[in-house]
Amino acid sequence: MANHKSALKRIRRNERAHQHNRLVLTSMRTYLKGARVKLTGKNETEAQEALRMAVSALDQAAGKGVIHPNNAARRKSRLMLAYNRTFAARPAA
């Protein structure tokens, strides 16, 4: 256990930061899962909206330092690839 006031304060600050980071990470994962589910469906507009929300969540997490920017870029790239495979090959109705 810490013996100095500054060390005790640092422990408290780290715990608050940990809780905040978990919140950001969990919501990001929720948006990603929703986007992946929508990308397997038939409705392109719902998939676009879910994709937009997932990309926004990834950018926010990367901007806050919760995930590395390259991690966010890789995930966005894979989502866009999945979207294009699902909807771009279809002829316009």
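Taken together, the residues in the range 9-30 that are touching a helix residue (DSSP H, G or I) at 6+ places or on another chain (Cβ under 8 Å) and aliphatic (A, V, I, L, M) amount to 3.
Checking each residue in the range 28-47 for being of a type outside the set (Val, Ile, Thr) and exposed (fewer than 14 other Cβ atoms within 10 Å of the Cβ) picks out Arg29, Lys33, Gly41, Lys42, Asn43.
Taken together, the residues in the range 1-30 that are in a helix (DSSP H, G or I), aliphatic (A, V, I, L, M) and without any contact (Cβ under 8 Å) to a residue 24 or more places away in the chain amount to 5. Checking Lys76, Lys33 one by one, the residue that is part of a helix (DSSP H, G or I), in contact with a helix residue (DSSP H, G or I) (Cβ under 7 Å, 6 or more places away or on another chain) and at pLDDT 95 or above is Lys76 and no other.
Do we have any residue at all in the range 40-50 that's of a type outside the set (Val, Ile, Thr) and within 26 Å of Gln19 (Cα to Cα)? So far as the range 40-50 goes, yes, one or more of its residues are of a type outside the set (Val, Ile, Thr) and within 26 Å of Gln19 (Cα to Cα).
Let's see how each residue does on (1) over 16 Å from Arg29 (Cβ atoms); (2) modelled with pLDDT of 95 or more:
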| site | (1), (2) |
| --- | --- |
| Lys42 | yes, no |
| Met53 | no, yes |
| Ala57 | no, yes |
| Gly63 | yes, yes |
| Val66 | no, yes |
| Ala72 | no, yes |
| Leu81 | yes, yes |
| Thr86 | yes, no |
| Ala92 | yes, no |
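Of all positions in the range 67-86, none carries a residue that is out of contact with any Ser or Thr (no Cβ under 6 Å at 6 or more places or on another chain), closer than 30 Å to Met1 by Cα and surrounded by fewer than 17 Cβ atoms within 10 Å (Cβ to Cβ).
Residue pairs whose Cβ atoms lie under 6 Å apart, sitting 6 or more positions apart in sequence or on different chains, and linking a residue in the range 64-77 that is farther than 18 Å from Gln19 by Cα to a partner that is surrounded by 13 or more Cβ atoms within 10 Å (Cβ to Cβ) and among the β-branched types (Val, Ile, Thr), are Lys76/Val55.
The values are calculated or read from the model by the stated rules, or taken from the named source; none is laboratory data. Bear in mind that the values here come from a model prediction, so they are computed numbers and not experimental data. Here Cβ is always computed from backbone atoms with ideal geometry, including for glycine, and neighbour counts include all displayed protein chains.
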